[in-house]
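Bear in mind that the values in this text are calculations on the coordinates, not laboratory data. Just so it is clear, the model here is predicted, and its values are computed rather than measured. Neighbour counts are summed over all protein chains in view; Cβ atoms, including those assigned to glycine, are modelled from backbone coordinates with ideal geometry.
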Amino acid sequence: MSAAKPLAERLAECEQRCAAYPEKEWLPVAKKGLRVLPGHHAELAASLSGQEPRADGWALRSDVIGAGNWLLLVGFMAAGVAMIFVSTFNLCQRTAHPFLYATSLTLPISALMAYAPLRMLMRSHELVFGDDASVVRRRVFGRLDQEWRLPSAAEVRVGLAYRGARARRRGQHGGSYAQLSVVVSSDEAEIVLGADLHHAERARLAILIDHYYNGSELYGQGPENPRVG
């Protein structure tokens with residue numbers, strides 16, 4: 001089987017092309033998207049950090065950044081909280097209880113500042129493959145955030161395509177461009193997920209799903225599920 005360019009790399013290239021052209025030019029290409037090729041299944045030989053086989057599917061966590069990076073992130077957050085506290089304390093110096101008021105103002109602002117990055121890091125996707133349906137669950141801080149369910153038919157098609165998600169274009173011109181999502185379809189049903197993930201995570205989700213349903217004997221049929229739809 002011929003080697004295929006890594007799906008995460010093709011995904012990044014596709015979105016970069018989308019960012020470089022006007023919408024009327026990139027939209028048809030982005031909607032058509034990228035197929036998961038049989039050769040991409042070989043990428044499962046190297047696991048991503050946080051990728052775990054389950055008895056009925058897979059789990060893919062996004063919070064695996066290493067102890068050093070966690071310490072660095074905590075350090076930045078602590079520095080940010082300190083700067084916010086100093087600024088609010090200066091504003092509250094003329095009040096009767098400046099420390100109390102400064103603390104009361106700092107806590108909610110700091111919580112909002114920390115929530116967005118922590119939400120992106122403390123996130124996981126669970127793939128559950130059943131005989132009647134496939135289920136993808138996204139958990140944030142360990143709690144169920146969203147669930148997608150796709151009834152399984154004779155054929156399951158997996159790819160990466162534009163379904164409305166957009167990313168902000170960097171640079172002086174601003175604007176946005178197409179963000180490709182993981183698209184899984186069977187008969188007339190379709191589920192769309194993962195547009196908020198990094199390229200490698202989106203590609204891995206697509207490959208894991210396609211590998212279960214359309215995997216070749218050369219690479220096996222999933223973690224513990226020798227089934228091909």
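Roughly what would the spin-label model give for GLU147 and GLN93, points 7 Å off Cα along C-beta, in nm?
Reported label-point gap for GLU147 and GLN93 is 5.5 nm.
Counting only helical runs of four or more DSSP H residues, what would the 222 nm mean residue ellipticity of the chain come to if each run contributes -39,500 (n - 2.57) and the total is spread over all its residues?
Theoretical 222 nm ellipticity from helices: -13000 deg cm²/dmol.
Among TRP26, HIS97, GLY142, whose Cα projects farthest towards the positive end of the dipole of the chain, with charges put on the beta-carbon of Lys, Arg (+1) and Asp, Glu (-1)?
Of the options given, the answer is HIS97.
Sort all Cα-Cα distances of the chain into consecutive 5 angstrom bins from zero, then give the percent of pairs in each bin up to the one containing the longest distance.
Final binned percentages: 1, 6, 12, 14, 15, 14, 11, 8, 6, 4, 3, 2, 1, 1, 0, 0.
Pairing the Cα long axis of helix 7-20 with the longest principal axis of the chain, what angle in degrees results, from 0 to 90 and rounded to the nearest 10?
In the chain, helix 7-20 runs at an angle near 60 degrees to the longest axis.
Please name which of ALA67, SER176, MET120 has its Cα lying farthest along the dipole of region 32-187 towards the positive end, using unit charges on Cβ (Lys, Arg +1; Asp, Glu -1) and the Cα centre as origin.
After comparing all options, I get SER176.
Trypsin sites (Lys or Arg not before Pro), restricted to region 85-191: which are DSSP loop and have at most 15 other Cβ atoms within 10 Å?
For trypsin sites (Lys or Arg not before Pro) across region 85-191 that sit outside H, G, I, E and B with at most 15 neighbouring Cβ atoms in 10 Å, the list reads ARG94, ARG169, ARG170.
Measure nothing but the geometry: give the 0 to 90° angle between the long axis through the Cα atoms of 199-214 and the longest principal axis through the Cα atoms of the chain, rounded to 10°.
Tilt relative to the chain: about 30 degrees.
So how strong a dipole does the chain carry about its Cα centre when Lys and Arg Cβ are +1 and Asp and Glu Cβ are -1, to the nearest 20 debye?
Using Cβ point charges on Lys, Arg, Asp and Glu, the chain gives about 960 debye.
Hey, what angle do you get for helix 67-91 against the long axis of the chain, alpha-carbon based, 0 to 90 degrees rounded to 10?
30
Relative to 2.2 N^0.38 Å, what does the C-alpha radius of gyration of region 67-120 come to as a ratio? Two decimals please.
1.29
Taking R0 as 22 Å, what FRET efficiency do you get between SER47 and MET120 from their Cβ-Cβ distance, rounded to the nearest 0.05?
0.60
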